[in-house]
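Structure first, commentary second.
The values are calculated or read from the model by the stated rules, or taken from the named source; none is laboratory data. In this text, all values refer to a predicted model and were calculated from it rather than measured experimentally. Neighbour counts are summed over all protein chains in view; Cβ atoms, including those assigned to glycine, are modelled from backbone coordinates with ideal geometry.
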Amino acid sequence: MHDIQAICVRNNAEFCDRICRSHGVPGMFEHSLWIQQQRGPAFYPNVITMTREDGLEQTAQIAALRAQNPEIAVKDSFATLDLATIGMRLLFDAEWLWMTPAPARHGAARTERWRKVDTAADLTHWQAAWRGNDPPLASPVFLPDLLEDPSIAVLAAWQGTTIVAGCVLNRDSSGSVGVSNLFAAGADRDRTIAAAVDHAREWVPGAMLVGYESGDDLAPMQARGFRSAGPLRVWV
């Protein structure tokens, strides 16, 4: 099997690039880095490392970019860099996750009604539910043009007229499906993860599922069958 961690990294980098492109700040894929030099959407990095072997070159490029823009964020995809040496701070550690291809399992009956978000108004509601009790952002992360992108599916779980859970799926150029931005604002998180997995398997049958989580969000994903593919770090 190919390097599973590298598959996770590529999927995430393509997703980040698509989100940044929707904001008019596309990135560039270079030999060992994905780089987006401008101020992009909230929570999205300026640099993603794409290889584990090129640490000196990567650190030098990151230092040069940081000299132009001190506010950059870096996703150290293989947790191989010490960016404290160039004045950056470790924000958090996380684990890449993956699940082998399998048919959708369709767990216990759900009180929520899951469907793909397909209107700008529903996307606004989805982002409010995704933020939960956190302060609203100055500008939305997910823009309506993403709803027309066949490589991305924004999913919402509804109870009546209220969105109580959701996630984003992205299909990369290799056919793997990323599961990200999962939230359970008014629903059981374990059931939400199960529903997200089922929908991902239905969306692209036979695809490997990938993603990453940290902190308290890691164990519930592992309990649902996701396995660790290796560490990552985010630096600011």
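For this structure, a couple of remarks:
- Residues satisfying the stated conditions in the stretch 177-236, i.e. in contact with a helix residue (DSSP H, G or I) (Cβ under 6 Å, 6 or more places away or on another chain), under 15 Å from Trp114 (Cβ atoms) and in a loop (DSSP other than H, G, I, E, B): Ala184, Ala185
- Among (1) crowded, with 20+ Cβ neighbours inside 10 Å; (2) in the same structural domain as Lys116 (by TED's automatic domain parsing); (3) of a type in the set (Phe, Trp, Tyr), the one test that Trp235 misses: (2)
- Identity of the residue in the stretch 202-223, over 17 Å from the mean Cα position of the chain (by Cα) and touching a residue at least 60 places away in the same chain (Cβ under 8 Å), that ends up nearest to Cys167 (Cα to Cα): Glu202
- Look at (1) of a type outside the set (Phe, Trp, Tyr); (2) surrounded by 12 or more Cβ atoms within 10 Å (Cβ to Cβ); (3) in contact with a Pro (Cβ under 9 Å, 6 or more places away or on another chain) and you find that Leu90 fails only one, number (3).
- Yes/no for Gly55 being more than 21 Å from the chain's Cα centre (by Cα) and on the phi > 0 side of the Ramachandran plot: no
- Residue within the stretch 185-199 that is crowded, with 23+ Cβ neighbours inside 10 Å, over 15 Å from the mean Cα position of the chain (by Cα) and aliphatic (A, V, I, L, M) present: yes
- Pair list, Cβ < 7 Å and 6+ apart or interchain, from the stretch 68-94 residues that are closer than 20 Å to Ile7 by Cβ to residues that are among the acidic types (Asp, Glu): Ala94/Glu213
- Flag if Ala94 is at pLDDT below 95, of a type in the set (A, V, I, L, M, F, W, C) and either part of a strand (DSSP E or B) or not assigned by TED's automatic domain parsing to the domain that holds Ile19 (or both): no
- The residues of the stretch 53-81 that are assigned to a loop (DSSP other than H, G, I, E, B) and touching a strand residue (DSSP E or B) at 6+ places or on another chain (Cβ under 9 Å), listed by number, are Asp54, Ile72, Ala73, Ser77, Phe78, Ala79, Thr80, Leu81.
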